[in-house]
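What follows draws every value from the coordinates through simple rules; no lab data is involved. What you see is a predicted model, and the numbers here were worked out from it, not measured in a lab. Cβ: placed from backbone, ideal geometry, glycine included. Neighbour counts: every protein chain shown.
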Amino acid sequence: MYYLYLLYSKTNEEFYVGTTPDLRRRFYDHNSGKNRATKSAVPWELVYYETYPTKEDALKREKRLKYYGQGLRQLKNRITLVNRS
């Protein structure tokens, strides 16, 4: 099983999208500064994740979120609406 996840940093108010087969380990790596792309914005909060049966499916979804802005924008809006209730 693979995970697509969305992290949020209050430090720089940015989101990060990634995929992994081990969500707990990957989240720990992000918050302990082991990831070059995210270490400047520690601490990170896990705000959303999806599960996929294959790595290819998770990477396809990640690519759609990263390279086609509307999908990520809709996901952020959905998360914001849930947190407001």
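Which of SER9, SER40 has the fewest other C-beta atoms within 10 Å, and how do the rest follow up to the most?
On the way: SER9 18, SER40 10.
Ordered from fewest to most neighbouring Cβ atoms within 10 Å, SER9, SER40 come out as SER40, SER9.
Our note on the geometry: Cα centres of segment 4-19 and segment 20-51, 8 Å apart. Taken one residue at a time, the phi angles of segment 15-21 give Karplus couplings (6.51, -1.76, 1.60, θ = phi - 60°) of 9, 9, 10, x, 10, 6, x Hz. Gly and Pro are set to x. Under 5 Å between amide hydrogens, built in the peptide plane, is the criterion, and for TYR2 it picks out TYR52, THR54 among residues at least 5 positions away or on other chains. Determine ³J(HN,Hα), in whole Hz, for all residues of segment 63-73 in sequence, where each value follows from phi through the Karplus function 6.51 cos²θ - 1.76 cosθ + 1.60 and θ = phi - 60°; x replaces Gly and Pro. Working through the residues one at a time gives 4, 4, 6, 6, 10, 10, x, 5, x, 5, 4 Hz. Taking other Cβ atoms within 10 Å as a rough exposure proxy, THR19, THR80 sort from fewest to most as THR80, THR19. Please label the shape of the chain as rounded, prolate or oblate, based on the square roots a ≥ b ≥ c of the eigenvalues of the alpha-carbon gyration tensor (a/c under 1.5 means rounded; beyond that, a/b larger than b/c means prolate, else oblate). Oblate is the answer for the chain, as a/c is 1.5 or above yet b/c matches or exceeds a/b.
Given LEU46, TYR68, THR20, which one lies farthest toward the positive end of the charge dipole of the chain, if we put +1 on the Cβ of every Lys and Arg and -1 on the Cβ of every Asp and Glu? Toward the positive end, the furthest listed residue is TYR68.
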